[in-house]
């Protein structure tokens with residue numbers, strides 16, 4: 001009888017110890033998930049139940065010393081797709097390919113691949129014309145929508161092209177002062193956040209948040225547009241008369257050292 005009681009006590013003690021160890025493991029696991037990986041898991045969860053569409057800021061304007069614009073930005077439309085909301089991929093791709101001059105098969109593969117990967121949003125074509133946007137709106141295609149982006153324009157075309165440089169598809173500076181002062185000109189992007197279901201489809205009465213972009217700063221150069229034009233015109237004449245391959249003219253203010261014109265030939269239209 002005493003031996004049986006001792007066995008029962010040992011089993012109870014072992015069971016109690018096992019429960020204590022299991023509780024400790026669970027507490028450590030909860031602590032690990034909640035505090036150590038909490039931010040990471042929360043971000044992954046938000047990514048799964050929300051659709052995040054970027055809103056590109058307007059890039060700052062570049063002026064000459066007399067506030068004549070040399071580089072400006074304007075809002076244009078980019079076509080986006082919500083793959084889970086597109087029911088007929090082939091007909092949608094066919095309609096878009098005709099308007100946007102995109103290969104139909106390539107577009108079908110892109111949308112189907114995004115569907116397979118459960119992507120909530122993809123770009124179809126960026127920075128399209130107003131005419132293209134109008135034609136697509138008239139089709140009223142399910143799962144196709146627009147987002148605004150900023151496109152760079154150079155109203156004086158080739159004038160001061162070597163000074164200004166140019167930008168890429170993401171409005172990032174790639175050369176000239178566009179590159180050197182990119183962090184000041186580009187601004188801070190905004191976002192449109194929408195709630196989605198498990199298949200990344202927009203919820204009809206889901207919450208929507210708009211975080212507006214912050215526009216880039218403007219930049220004023222020491223260049224004088226008129227003097228720049230004269231310098232480039234005279235340089236072109238000198239190259240033609242002397243049968244030179246290239247040439248440079250620099251015009252400075254002798255009192256301050258400011259560069260009033262910097263002409264390089266050959267040039268390009270940014």
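Odds and ends about this structure:
- Cα-projected label distance for residue 169 with residue 209, points at 7 Å along beta-carbon direction, nm: 2.9
- Over region 225-265, relative contact order from alpha-carbon pairs under 8 Å, at least 6 apart, %: 45
- When each of 87, 135, 225 is scored by the number of other beta-carbon atoms lying within 10 Å, the sequence from fewest to most is 87, 135, 225.
- Distance between modelled label sites at residue 29 and residue 245, nm, 7 Å Cα→Cβ extension: 7.2
- Degrees separating the helix 225-242 axis from the principal Cα axis of the chain, which is the longest one: 70
- Alpha carbon centroid spacing (whole Å) that separates region 225-270 from region 1-39: 83
- Beta bridges from DSSP with both residues in the chain: antiparallel share about 95 percent, rounded to the nearest 5.
- For residue 191 and residue 138, a Förster radius of 25 Å and the Cβ-Cβ distance give a FRET efficiency of 0.35, rounded to the nearest 0.05.
- Look at (1) 63; (2) 40; (3) 48: the one that is percent of Cα pairs over 26 Å apart derived from this structure is (1).
- Between residue 158 and residue 180, the FRET efficiency from the beta-carbon distance, with R0 = 25 Å, is close to 0.80.
- Over the chain, relative contact order from alpha-carbon pairs under 8 Å, at least 6 apart, %: 24
- With contacts taken as Cα pairs under 8 Å and at least 6 residues apart, region 73-201 reaches a relative contact order of 33 percent.
- By the beta-carbon count within 10 Å of each Cβ, the least crowded to most crowded order of 175, 224, 103, fewest first, is 103, 175, 224.
- Taking the C-alpha atoms only, the angle from helix 104-116 to the longest principal axis of the chain is near 30 degrees.
- Crossing angle, helix 130-139 versus the chain [Cα axis fit, 0-90 degrees, rounded to tens]: 40
Readers should treat all values here as calculations from the given coordinates under stated rules, not as data from a laboratory. Predicted, not measured: the structure shown is a model, and the values here were computed from it. When we count neighbours, we look across all protein chains shown, and the Cβ atoms used for this are built from the backbone with ideal geometry, even at glycine.
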